[in-house]
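Undergrad: Questions regarding the structure given below will be posed in turn.
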Amino acid sequence: MTTMSPREIISRAISEGRFKLLEHEAYSIANYYGIPTPRAVLVKTPEEARDYADKVGYPLVAKIVSPDITHKSDVGGVKLFINSREEAYNAVKEILENVSNRAPGARIEGVIIYRMAPPGLEVIVGGIRDDVFGPTVMFGLGGIFVEVMRDVSFRIYPITIEDALEMINEIRSSAILNGYRGQPPVDKYALADIIVKTSKLLAENEEIEAVDLNPVIAYQQGAIAVDVRVILRHSGKQH
Amino acid sequence: MVSLSKFFNPQSVAIIGATPKEGKVGRAILENFIAKFKGRIYPVNPNYDEILGLKCYRKIRDIPEPPDLAVIAIPAPSVPEALIELGEKGNRAVVIISGGFRETGTKEGAELEDRIVKIAREYGMRIIGPNCIGIFDNWSGVDTFFTTKMRKPPKGHVAFISQSGAFATALMDWMAYHGIGVSRAISYGNKVDVDDVDLLEFLGDDDKTRVILMYIEGLKPSRGRLFIEVAKKVSMKKPIVVYKAGKTGRGSRAAASHTAALAGDYSVYKAAFKQAGIIEVDSFDEMMDVVRVFLDQPLMKGDRVYIVTDAGGVGVMLTDALTSVGFEVPLTPPDLREKLRSMLPPHCIVDNPIDLTGDTDDERYVRVLEVLSKRSDVDAIVVVALPQVPGIKGVFVDYIAKIKEESGKPVLALTIGSEYSIETSKKLQERGVTVFESPERLARALKALRTYSLYISRHLK
């Protein structure tokens, strides 16, 4: 995986005129701040995929990485439930072929392979840069709780672990985090830790406009940001 | 930075645009100062040698000293020149009442505003306004509230920062009517310089102010972090009560991300208030209820509320209201139950709400309150005193007040009714017992006190 610093990643994206970081770049920045993500590798060839598959762990996901492709599934750029080295080889081969057929001319960074996270409780951690208050982090439960109920809470940087725990307990549906229908309670401390780190990520990187960790999957112990989106400010936009 | 004290405690004031003409802003302001301000007053107007018995200066440079404070009430186009003259004179604190700047939405207005900001920076002047009603200070007599058809509230300890001038005026009038004392009120209009953050900091250190009330529509961009920082410090010294207007958010925010789409303006403000220990209120009623409770009541150390009532029904209403905002109305523990049993007639109910029933006299209240006030498992007491029952003579009023002083616990009262009730209520309020008519409003106001108390105890280290 890339070992570039957040600064280098961001400068490179800006110099290439990209305002949304690529998956592996976003993961890399999250990891830099200690936000857990699936272990991921960016491979260029089917052979590389075969070599790294065991190390990443199964089941695997493979996804095309390209600044020019927004809807990856539509161009055959996503494969799920890959369970062996050979399957990894074939999946990446197929993805590269699909993309060159259906999105000719798209810039291809490679294919990201990462281990699918085991099921757990899906939550959302989002970070924005508010005009008045600066870096601000949102927390909510995934799915209808955010989409329909808009059941979310906010805190402004600097955020302490206590603030973050308070914001987790503040949402109306917080009882779900304590376990329901035989589900174990989830690790609120791990979520609070991700919230604090997300606020820091925003505070220390002025060029970042927003971060969406959606979903973060929470377990009885630990939590992992499965999808990380980092959006940069458009140059010239004043705040 | 020049401290704001020159605005609130000046030794001298120049009123640019003072006039003897009835119905003019410059006349109303001059009259305000003549009535209450103890320092030196310098009316400035090129057309007069004397106004309302005071020597009038034709030019700012003719004033015999640099005035601590200047109030400008002249047409907008003449303001920049007046500012320069004031700057040259050595004045560093200006309230610009005049409108006609950025609020007009015109290019000329905006340019004029930019010019005055530039001039103020050059001279290191602080500005309140423009387009504002400025300052009403009950202790120093600085009063630029030029609205004449209003009463001014008595001297007291509530400070008010308002983004709306008209609301500030109306609230002062309302507080005057309800006898709630005010320390200082400020409305900053276009706030080109002095803003919520500066004022909060000043009022935080002001020993005449015990509760700070704010009406906010929006803070200036990028001032949010400092606002939280300052409010955190001030909250530890005195409660800040905020009414945030414009809660419905701006639909126009470009939704750069999922989170941004969900945020809107208000959710972030709400978070800010919480983090800073600010008590947010949702209505005008709640705003004034909470202010009254903060003025008179000590901090509340726990969630357990005991109710002493002469009306069973109101006791139940209160129990519902209190529990629905998160309070406990605990069952009377065995030792207390035994004690109350031994001192009350058998038909009285000793379970909380403790019901002294309709044949009660003052004496019963006094004895029960005596017992409750000394217990460490009682965090607040609400006395329901419906005055319609024949046995009550009213002497318990003094007693309730005394218990409140001595116990160090919040003691509130509830009365419902006409003249008798209002009379009881007045007497109690005068002695620092906050009185409500509505059980629900009492519960919410007490909840604000509890929220603030919790914030303080969590942050006292």
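Undergrad: Sorted by packing (mean other beta-carbon atoms within 10 Å per residue), highest first, where do B:424-430, B:47-53, B:127-133, B:290-296 land? Walk me through the intermediate numbers first.
TA: Numbers: B:424-430: 18.3, B:47-53: 13.0, B:127-133: 27.4, B:290-296: 22.3.
Ranked by mean Cβ neighbours within 10 Å, highest first: B:127-133, B:290-296, B:424-430, B:47-53.
Undergrad: Right, next: Set the Förster radius R0 to 35 Å, insert the Cβ-Cβ distance between A:Gln183 and B:Tyr266 as r into 1/(1 + (r/R0)^6), and round the FRET efficiency to 0.05. Please report the intermediate quantities before stating the final value.
TA: Working: r = 33 Å, r/R0 = 0.93.
That gives a FRET efficiency of 0.60.
Undergrad: What does the extension gain come out to for B:Ser164 and B:Lys237, with contour length at 0.36 nm per residue minus their alpha carbon separation? Walk me through the intermediate numbers first.
TA: Details: separation 73, 0.36 × 73 = 26.28 nm, distance 2.58 nm.
The B:Ser164-B:Lys237 span can extend by a further 23.7 nm.
Undergrad: What do you get for Rg/Rh of region B:258-411 when both radii come from the Cα atoms and Rh is the Kirkwood radius?
TA: Working: Rg = 18.8 Å, Rh = 17.4 Å.
The Rg/Rh ratio comes out at 1.08.
Undergrad: Spin-label point model (7 Å from Cα, Cβ direction): what's the A:Arg150 to B:Met343 distance in nm?
TA: Label-label distance for A:Arg150 and B:Met343, simple model: 5.2 nm.
Undergrad: All other residues with a Cβ under 14 Å from the Cβ of A:Ala223 taken together, and with Lys, Arg as +1 and Asp, Glu as -1, what is their net charge? Can you show the working numbers first?
TA: Numbers: positive: A:Lys188, A:Lys197; negative: A:Glu122, A:Asp187, A:Asp193, A:Asp227.
Taking every Cβ under 14 Å from that of A:Ala223, the sum is -2.
Undergrad: Here's a follow-up. Based on the Cα coordinates of region B:88-133, what is the per residue volume of their convex hull in Å³?
TA: Working: hull volume 2.9 nm³, N = 46.
Taking only Cα atoms, region B:88-133 has a hull volume of 64 Å³ per residue.
Undergrad: Could you calculate the contour length gain from B:Lys38 to B:Asp335, that is, 0.36 nm times the residue separation minus the distance between their Cα atoms, to one decimal place in nm?
TA: 100.9 nm
Undergrad: Hey, another quick one. Using the number of other C-beta atoms within 10 angstrom as an exposure proxy, rank B:Ser164, B:Ser140, A:Ser5 with the fewest first.
TA: Lowest to highest Cβ neighbour count: A:Ser5, B:Ser164, B:Ser140.
Undergrad: Inside 10 Å of the C-beta atoms of B:227-238, what's the mean count of C-beta atoms belonging to other chains? Could the numbers behind the result be given before it?
TA: Details: counts 3, 5, 1, 0, 0, 0, 0, 0, 0, 0, 0, 0.
Counting Cβ atoms of other protein chains within 10 Å of each residue's Cβ and averaging gives 1.
Undergrad: Taking the number of other C-beta atoms within 10 Å as the exposure measure, put B:Thr169, A:Thr198 in order starting with the fewest. All intermediate terms of the calculation are to be shown ahead of the outcome.
TA: Numbers: B:Thr169 20, A:Thr198 29.
Starting with the residue having the fewest Cβ neighbours, the order is B:Thr169, A:Thr198.
Undergrad: Output ³J(HN,Hα) for region A:213-220: one whole-Hz value per residue in order, computed from phi by the Karplus curve 6.51 cos²θ - 1.76 cosθ + 1.60 with θ = phi - 60°, and x for Gly and Pro.
TA: In residue order, the calculated couplings are 9, 8, x, 9, 9, 9, 10, 4 Hz.
Undergrad: Between A:Ala106 and B:Glu437, how high is the FRET efficiency from 1/(1 + (r/R0)^6) when r is the Cβ-Cβ distance and R₀ = 60 Å? Nearest 0.05. Walk me through the numbers on the way to the answer.
TA: Working: r = 70 Å, r/R0 = 1.17.
Using R0 = 60 Å, I get an efficiency of 0.30.
Undergrad: Between B:Glu363 and B:His459, what is the spin-label point distance in nm, taking each point 7 Å from the Cα along the Cα→C-beta axis?
TA: 4.9 nm
Undergrad: A further question on this structure: I need A:Met116, B:Met287 ordered by Cβ neighbour count within 10 Å, fewest first.
TA: Numbers: A:Met116 15, B:Met287 22.
Ascending number of Cβ neighbours within 10 Å: A:Met116, B:Met287.
Undergrad: Sequence-distant or interchain residues sharing an amide H contact under 5 Å with B:Asn352, placed H: which?
TA: The answer is B:Thr332.
Undergrad: Report, for chain B, the % of DSSP beta bridges that are antiparallel, rounded to 5.
TA: Working: 8 of 57 bridges.
Antiparallel bridges: around 15 percent, rounded to the nearest 5.
Undergrad: Please list, or write none, the lysines whose alpha carbon is within less than 29 Å of the alpha carbon of A:Lys44, excluding same-chain residues fewer than 8 places away.
TA: A:Lys20, A:Lys55, A:Lys63, A:Lys72, A:Lys79, A:Lys93
Undergrad: Evaluate the Debye formula for region A:6-115 with equal point scatterers sitting on the alpha carbons, no solvent, and hand back log10 of I(q)/I(0) at q = 0.10 Å⁻¹, in q order, two decimals.
TA: -0.28
Undergrad: Do any of B:Lys59/B:Lys118; B:Lys24/B:Lys89; B:Lys208/B:Lys404; B:Lys208/B:Lys447 go past 28 Å between their Cα atoms, and which?
TA: Working: B:Lys59/B:Lys118 22 Å; B:Lys24/B:Lys89 26 Å; B:Lys208/B:Lys404 23 Å; B:Lys208/B:Lys447 25 Å.
Beyond 28 Å between Cα atoms: no listed pair.
Undergrad: On to the next question. What list of ³J(HN,Hα) couplings, whole Hz, do you get for region B:397-411 from phi and the Karplus terms 6.51, -1.76, 1.60, once you set θ to phi - 60° and write x for glycine and proline?
TA: My calculation for region B:397-411 gives 4, 4, 5, 4, 4, 5, 4, 4, 5, 7, 6, x, 9, x, 10 Hz in order.
Undergrad: Can you list the residues, at least 5 places off or on another chain, whose amide H is less than 5 Å from the amide H of B:Val142, using H built in the peptide plane?
TA: B:Asp137
Undergrad: Further, regarding this structure: Starting from 0.36 nm per residue, how many nanometres of slack lie between B:Asp320 and B:Glu406 once their C-alpha separation is accounted for? Don't skip to the end; give the middle numbers.
TA: Details: separation 86, 0.36 × 86 = 30.96 nm, distance 2.83 nm.
This chain segment gains 28.1 nm when fully extended.
Undergrad: With unit charges on the beta carbon (Lys/Arg positive, Asp/Glu negative), name the residue among B:Pro298, B:Ala82, B:Ile135 whose Cα is farthest towards the positive pole of the charge dipole of chain B.
TA: Value: B:Ala82.
Undergrad: With a bin width of 5 angstrom, please list the P(r) values of chain A as percents of all Cα-Cα pairs, from the 0 bin to the one holding the largest distance.
TA: Spelled out bin by bin, chain A gives 1, 7, 13, 16, 17, 16, 13, 10, 5, 2, 0 percent.
Undergrad: Nearest-5 percent of antiparallel DSSP beta bridges in region B:298-459?
TA: The answer is about 5 percent antiparallel.
Undergrad: What list of ³J(HN,Hα) couplings, whole Hz, do you get for region A:85-90 from phi and the Karplus terms 6.51, -1.76, 1.60, once you set θ to phi - 60° and write x for glycine and proline?
TA: 4, 5, 4, 5, 4, 5
Undergrad: Can you pull the percent of Cα pairs in region A:171-239 with separation above 19 Å? Each step should come with its number before you reach the end.
TA: Details: 1061 of 2346 pairs.
Pairs farther apart than 19 Å: 45 percent.
Undergrad: Let me ask something additional. Please list the equivalent ellipsoid semi-axes of chain B, computed as the square roots of five times the alpha-carbon gyration tensor eigenvalues, in descending order and whole angstrom. Show your work: numbers first, answer last.
TA: On the way: eigenvalues 486, 131, 58 Å².
Computed over chain B, the values are 49, 26, 17 Å.
Undergrad: Now for a different question. Any idea how far apart B:Glu108 and B:Arg151 come out in nm if each label point goes 7 Å out from Cα toward Cβ?
TA: 4.3 nm
Undergrad: Sticking with this structure for a sec: Treating only the Cα positions of region A:96-179 as identical point scatterers, give the base-10 log of I(q)/I(0) from the Debye formula at each q in 0.18, 0.19, 0.23, 0.26 Å⁻¹.
TA: Summing over Cα pairs of region A:96-179 leads to -0.83, -0.87, -1.07, -1.25.
Undergrad: Also: Given all pairs of different Cα atoms, what value in angstroms does the Kirkwood hydrodynamic radius of region B:5-209 take?
TA: Result for region B:5-209, one decimal place: 16.8 Å.
Undergrad: Now for a different question. For region A:17-69, just the Cα atoms, rotate onto the principal axes and tell me the three extents in Å, largest first.
TA: 32, 28, 14
Undergrad: Could you compute Rg(Cα) / (2.2 N^0.38 Å) for region B:341-428, with N its residue count? Please list the in-between numbers first.
TA: On the way: Rg = 12.5 Å, N = 88, 2.2 N^0.38 = 12.1 Å.
With N residues counted in region B:341-428, Rg over 2.2 N^0.38 Å equals 1.04.
Undergrad: Related question: Hey, with R₀ at 51 Å, roughly what FRET efficiency would B:Glu65 and A:Met4 work out to, going by the Cβ-Cβ distance, to 0.05?
TA: Efficiency computed from Cβ-Cβ geometry: 0.20.
Undergrad: Per residue Cα convex hull volume for the protein assembly as shown, in cubic angstrom?
TA: Numbers: hull volume 131.9 nm³, N = 700.
Cα convex hull per residue, to the nearest whole number: 188 Å³.
Undergrad: Moving to a separate point now. Long-range amide H contacts for B:Met214: which residues qualify at under 5 Å (H placed 1.01 Å from N, peptide plane, sequence gap of 5 or more or a different chain)?
TA: Residues meeting the amide H criterion: B:Ile161, B:Val241, B:Val242, B:Tyr243.
Undergrad: With +1 on each Lys and Arg Cβ and -1 on each Asp and Glu Cβ, and nothing else charged, work out how big the dipole of chain B is about its Cα centre, in Debye to the nearest 20.
TA: Numbers: 63 positive and 59 negative charges, 225 e Å.
For this selection, approximately 1080 debye.
Just so you know, all these numbers are worked out from the coordinates, no wet-lab data involved. In this text, all values refer to a predicted model and were calculated from it rather than measured experimentally. Positions of Cβ are backbone-derived with ideal geometry, glycine not excepted, and every protein chain shown enters the neighbour counts.
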